[in-house]
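The values are calculated or read from the model by the stated rules, or taken from the named source; none is laboratory data. Nothing here was measured: the structure is a model prediction, and the numbers come from that model. All Cβ positions, glycine included, derive from the backbone under ideal geometry; neighbour counts span all protein chains shown. For accessibility, only protein heavy atoms count, side chains too; no ligands or nucleic acids. Shrake-Rupley method; radii C 1.70, N 1.55, O 1.52, S 1.80 Å.
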Amino acid sequence: MSVSGGELLNRLFDVIEQDVLPLTKAGVERGNKLFGAAILRKSDLSLVLAETNNELENPLWHGEVHALKRFYELPKCDRPNTKDCIFLSTHEPCSLCLSAITWTGFDNFHYLFSHEDSRDSFAIPHDLKILKEVFTLDPGGYNAQNAFWKSYALPALAAALPEAGRQKAEARIGRLAQAYAALSEAYQQAKADNDIPLN
Ligand SMILES: [Zn+2]
(Lines give C-alpha, C1' and ligand atoms only; values in the text may rest on other atoms or scores of the structure.)
Protein backbone atom coordinates (compact mmCIF):
# COMPACT_ATOMS: atom_id res chain seq x y z
CA MET A 1 0.00 0.00 0.00
CA SER A 2 1.26 3.41 -0.88
CA VAL A 3 0.04 6.30 1.24
CA SER A 4 0.51 10.02 0.90
CA GLY A 5 2.48 11.98 3.47
CA GLY A 6 -0.76 13.49 4.74
CA GLU A 7 -2.43 10.08 5.21
CA LEU A 8 0.57 8.71 7.07
CA LEU A 9 0.74 11.75 9.33
CA ASN A 10 -2.97 11.60 10.12
CA ARG A 11 -2.71 7.93 10.99
CA LEU A 12 0.28 8.55 13.27
CA PHE A 13 -1.56 11.41 15.00
CA ASP A 14 -4.60 9.11 15.41
CA VAL A 15 -2.45 6.42 17.03
CA ILE A 16 -0.90 8.91 19.45
CA GLU A 17 -4.29 10.38 20.32
CA GLN A 18 -6.38 7.20 20.50
CA ASP A 19 -3.93 4.43 21.43
CA VAL A 20 -0.94 5.98 23.21
CA LEU A 21 -2.45 8.92 25.12
CA PRO A 22 -5.01 6.89 27.13
CA LEU A 23 -2.25 4.50 28.26
CA THR A 24 0.00 7.45 29.12
CA LYS A 25 -2.73 9.23 31.09
CA ALA A 26 -3.10 6.13 33.25
CA GLY A 27 0.69 5.76 33.52
CA VAL A 28 1.18 9.37 34.62
CA GLU A 29 -1.56 8.93 37.22
CA ARG A 30 0.53 6.09 38.66
CA GLY A 31 3.58 8.41 38.68
CA ASN A 32 5.34 7.46 35.43
CA LYS A 33 6.72 9.85 32.80
CA LEU A 34 4.65 10.90 29.79
CA PHE A 35 6.63 9.21 27.02
CA GLY A 36 4.87 6.68 24.79
CA ALA A 37 5.44 4.61 21.67
CA ALA A 38 3.67 2.41 19.13
CA ILE A 39 4.52 -0.07 16.40
CA LEU A 40 2.48 -0.17 13.17
CA ARG A 41 2.58 -2.39 10.10
CA LYS A 42 3.88 -0.53 7.04
CA SER A 43 1.52 -2.52 4.79
CA ASP A 44 -1.80 -1.15 6.06
CA LEU A 45 -0.78 1.16 8.95
CA SER A 46 -2.60 -1.14 11.39
CA LEU A 47 -1.46 -1.04 14.99
CA VAL A 48 0.65 -3.89 16.35
CA LEU A 49 0.78 -2.39 19.81
CA ALA A 50 1.07 0.81 21.80
CA GLU A 51 2.80 1.26 25.14
CA THR A 52 3.79 3.91 27.62
CA ASN A 53 6.61 4.64 30.04
CA ASN A 54 6.75 2.35 33.06
CA GLU A 55 9.89 3.54 34.89
CA LEU A 56 8.27 2.90 38.26
CA GLU A 57 8.63 -0.82 37.54
CA ASN A 58 12.05 -0.58 35.87
CA PRO A 59 13.95 2.62 34.94
CA LEU A 60 14.74 1.03 31.57
CA TRP A 61 11.05 0.84 30.63
CA HIS A 62 11.03 4.05 28.62
CA GLY A 63 7.98 4.24 26.33
CA GLU A 64 9.99 2.85 23.42
CA VAL A 65 11.77 0.06 25.29
CA HIS A 66 8.55 -0.89 27.07
CA ALA A 67 6.83 -1.16 23.67
CA LEU A 68 9.68 -3.35 22.42
CA LYS A 69 9.48 -5.56 25.52
CA ARG A 70 5.76 -6.11 24.84
CA PHE A 71 6.46 -6.65 21.15
CA TYR A 72 8.82 -9.54 21.90
CA GLU A 73 6.29 -11.00 24.34
CA LEU A 74 3.86 -11.44 21.42
CA PRO A 75 3.73 -14.95 19.96
CA LYS A 76 6.17 -15.10 17.06
CA CYS A 77 3.33 -15.83 14.61
CA ASP A 78 1.66 -12.52 15.56
CA ARG A 79 4.85 -10.49 15.43
CA PRO A 80 5.73 -8.87 12.11
CA ASN A 81 9.33 -8.44 10.99
CA THR A 82 10.61 -5.13 12.34
CA LYS A 83 11.70 -4.21 8.81
CA ASP A 84 8.00 -4.25 7.87
CA CYS A 85 7.05 -1.90 10.70
CA ILE A 86 6.89 1.79 11.48
CA PHE A 87 8.21 2.77 14.90
CA LEU A 88 6.39 5.73 16.42
CA SER A 89 7.55 7.57 19.49
CA THR A 90 5.78 10.52 21.09
CA HIS A 91 9.15 12.10 21.93
CA GLU A 92 12.50 11.90 20.15
CA PRO A 93 14.15 8.76 21.51
CA CYS A 94 16.95 9.05 24.06
CA SER A 95 20.28 7.30 23.58
CA LEU A 96 18.97 4.12 25.25
CA CYS A 97 15.96 4.03 22.96
CA LEU A 98 17.93 4.98 19.83
CA SER A 99 20.08 1.94 20.50
CA ALA A 100 17.09 -0.29 21.27
CA ILE A 101 15.41 0.68 17.98
CA THR A 102 18.69 -0.04 16.19
CA TRP A 103 19.32 -3.42 17.87
CA THR A 104 15.78 -4.59 17.12
CA GLY A 105 16.20 -3.91 13.39
CA PHE A 106 13.76 -1.11 12.61
CA ASP A 107 14.73 0.95 9.57
CA ASN A 108 12.83 4.03 10.75
CA PHE A 109 11.32 5.92 13.61
CA HIS A 110 8.88 8.83 13.71
CA TYR A 111 8.48 11.21 16.63
CA LEU A 112 6.32 14.19 17.58
CA PHE A 113 8.31 16.17 20.16
CA SER A 114 12.06 16.85 19.92
CA HIS A 115 14.81 16.45 22.53
CA GLU A 116 14.68 20.24 22.92
CA ASP A 117 10.92 20.02 23.56
CA SER A 118 11.58 17.37 26.23
CA ARG A 119 14.00 19.75 27.94
CA ASP A 120 12.15 23.03 27.44
CA SER A 121 8.45 22.12 27.37
CA PHE A 122 8.47 18.99 29.51
CA ALA A 123 11.30 19.76 31.99
CA ILE A 124 13.02 16.44 31.16
CA PRO A 125 16.62 17.44 30.27
CA HIS A 126 18.13 13.96 30.62
CA ASP A 127 18.18 12.98 26.90
CA LEU A 128 20.33 15.95 25.95
CA LYS A 129 22.41 15.77 29.13
CA ILE A 130 23.30 12.11 28.51
CA LEU A 131 24.13 12.79 24.85
CA LYS A 132 26.48 15.57 25.99
CA GLU A 133 28.02 13.90 29.05
CA VAL A 134 28.41 10.37 27.69
CA PHE A 135 28.76 10.94 23.95
CA THR A 136 29.97 14.59 23.89
CA LEU A 137 27.14 15.44 21.46
CA ASP A 138 25.40 18.80 21.25
CA PRO A 139 21.66 18.96 20.39
CA GLY A 140 21.11 17.59 16.89
CA GLY A 141 24.54 15.94 17.04
CA TYR A 142 23.57 12.33 16.35
CA ASN A 143 23.15 11.00 12.83
CA ALA A 144 19.40 11.28 12.15
CA GLN A 145 19.74 9.30 8.90
CA ASN A 146 22.30 6.52 8.87
CA ALA A 147 23.00 2.98 7.65
CA PHE A 148 20.50 1.52 10.17
CA TRP A 149 17.51 3.85 9.97
CA LYS A 150 16.02 7.15 8.97
CA SER A 151 14.24 9.26 11.56
CA TYR A 152 11.35 11.59 10.88
CA ALA A 153 10.10 14.50 13.00
CA LEU A 154 6.33 14.74 12.52
CA PRO A 155 6.36 18.57 12.62
CA ALA A 156 8.85 18.57 9.72
CA LEU A 157 6.65 16.16 7.73
CA ALA A 158 3.69 18.44 8.47
CA ALA A 159 5.59 21.52 7.33
CA ALA A 160 6.32 19.83 3.99
CA LEU A 161 2.62 19.21 3.17
CA PRO A 162 0.64 21.34 0.72
CA GLU A 163 -0.95 24.34 2.44
CA ALA A 164 -4.39 22.94 3.41
CA GLY A 165 -2.90 19.70 4.75
CA ARG A 166 -0.16 21.59 6.54
CA GLN A 167 -2.62 23.77 8.43
CA LYS A 168 -4.70 20.77 9.53
CA ALA A 169 -1.63 18.85 10.63
CA GLU A 170 -0.25 21.81 12.57
CA ALA A 171 -3.60 22.27 14.30
CA ARG A 172 -3.50 18.60 15.37
CA ILE A 173 0.05 19.05 16.67
CA GLY A 174 -1.15 22.04 18.68
CA ARG A 175 -3.95 20.00 20.26
CA LEU A 176 -1.59 17.13 21.08
CA ALA A 177 0.88 19.60 22.61
CA GLN A 178 -1.90 20.86 24.90
CA ALA A 179 -2.81 17.33 25.96
CA TYR A 180 0.84 16.55 26.73
CA ALA A 181 1.32 19.85 28.58
CA ALA A 182 -1.43 18.80 30.99
CA LEU A 183 0.23 15.40 31.54
CA SER A 184 3.58 17.11 32.06
CA GLU A 185 2.17 19.31 34.77
CA ALA A 186 0.70 16.28 36.55
CA TYR A 187 4.04 14.40 36.35
CA GLN A 188 6.13 17.35 37.52
CA GLN A 189 3.85 18.00 40.49
CA ALA A 190 4.05 14.39 41.65
CA LYS A 191 7.64 13.46 40.77
CA ALA A 192 9.21 14.31 44.14
CA ASP A 193 7.43 11.23 45.49
CA ASN A 194 8.90 8.72 43.02
CA ASP A 195 12.25 6.94 43.21
CA ILE A 196 13.04 6.99 39.48
CA PRO A 197 16.84 7.67 39.31
CA LEU A 198 16.57 10.39 36.63
CA ASN A 199 13.13 11.80 37.28
ZN1 LIG B 1 14.43 6.49 26.10
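Taking the stretch 36-141 as the region of interest, the strands (runs of 3 or more DSSP E) fully inside it that hold 3 or more residues being modelled with pLDDT of 95 or more and either over 20 Å from V15 (Cα atoms) or within 13 Å of the ligand (Cβ to nearest atom) (or both) are 85-91, 108-113.
Going through (1) open to solvent by 20 Å² or more (accessible area, probe 1.4 Å); (2) over 13 Å from the mean Cα position of the chain (by Cα); (3) under 21 Å from E17 (Cα atoms) one by one, L183 falls short only on (1). Once the stretch 101-126 is narrowed to residues that are open to solvent by 20 Å² or more (accessible area, probe 1.4 Å) and in contact with an Asp or Glu (Cβ under 7 Å, 6 or more places away or on another chain), the residue that is farthest from I196 (Cα to Cα) is Y111. Restricting A67, A37, A26, A100 to residues that are touching a Gly at 6+ places or on another chain (Cβ under 7 Å) and not aromatic (F, W, Y) narrows the list to A37. Residues in the stretch 86-100 that are surrounded by fewer than 23 Cβ atoms within 10 Å (Cβ to Cβ) and of a type in the set (S, T, Y): S95, S99. State whether one or more residues within the stretch 170-178 are within 16 Å of the ligand (Cβ to nearest atom) and under 17 Å from the mean Cα position of the chain (by Cα). Scanning the stretch 170-178 turns up no residue that is within 16 Å of the ligand (Cβ to nearest atom) and under 17 Å from the mean Cα position of the chain (by Cα).
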